[in-house]
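Okay, so here's the structure we're looking at.
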Amino acid sequence: MINHRGLHSPRRGLTFEVLRAVPIVYLPRLFFFCACSLALPLLQIRFLLLFSRQGRVRLQKWFTALSEHEKKKVVREMSLAVLTRPPKACNFLQWKDLKVVYRRYASLYFCCGLEQRDNELLTLEIIHRYVELLDQYFGNVCELDIIFNFEKAYFILDEFIIGGEIQETSKMCVAKSMEEADANQEVGHTHTHTQHIQGLSRGETW
């Protein structure tokens, strides 16, 4: 049973409720991420999209140069292709010259476009690791967290994937980067606020 507040599923004892379309036998996650570390240059993600069941895009990251018109076309076709698939359909599909791997977490679909030589199972684990990173930062992350804190979701993604390739699989390292970024942001806000107060005391207008 999905908790409507977020993506957490206490009944199944999982960090996230995963609606899996095919009965895949997963190897231990350590194996996948060791394999990922050994094959970093071989995995090339073209794009990553997050959209709701209503087709509203919550996050989009492009790792190849496309025009705005082309991006909108891809988003429209991807959301249509994924949202119209039966609940028990496979998590993989073919789209033009790319493989598409998607995974549903509660009300959100995470969708990746890959080159033909890339590994679909590894991509599923990459999607799940990104969701774990979001959950680690927000705490039982939900769709509203991504809507109102989209810049944080992008920052986490940029710490995890750069140029379509996996750069950091350690949740601890990503968490440390987020803590440092938040601390720097807080210092910047404090400095700006102090300058504003000092200016007001001198009769300056902002």
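The values are calculated or read from the model by the stated rules, or taken from the named source; none is laboratory data. The structure displayed is predicted, hence computed values, not measured ones. FYI the Cβ positions are ideal-geometry reconstructions off the backbone, even for glycines, and counts take in every protein chain you see.
Quick notes
- Considering residues of segment 164-203 that are among the basic types (Lys, Arg) and farther than 14 Å from Tyr130 by Cβ only, the residue modelled with the lowest pLDDT: Arg202
- Considering only residues in segment 86-100 that are closer than 13 Å to Arg117 by Cα and outside any loop (DSSP other than H, G, I, E, B), the one that is nearest to the chain's Cα centre (by Cα) turns out to be Val100.
- Count of segment 142-162 residues which are among the β-branched types (Val, Ile, Thr) and assigned to a helix (DSSP H, G or I): 3
- Among the residues of segment 163-182, those that are free of Cβ contacts under 8 Å to residues at least 24 places away in the same chain and either assigned to a helix (DSSP H, G or I) or within 18 Å of Asn149 (Cβ to Cβ) (or both) comprise Met172, Cys173, Lys176, Ser177, Glu179, Glu180, Asp182.
- In the set (1) surrounded by fewer than 19 Cβ atoms within 10 Å (Cβ to Cβ); (2) within 13 Å of the chain's Cα centre (by Cα), the condition left unmet by Val141 is number (1).
- Selection within segment 65-83 - part of a helix (DSSP H, G or I) and either within 19 Å of the chain's Cα centre (by Cα) or hydroxyl-bearing (Ser, Thr, Tyr) (or both): Lys71, Lys72, Val74, Val75, Arg76, Met78, Ser79, Val82, Leu83
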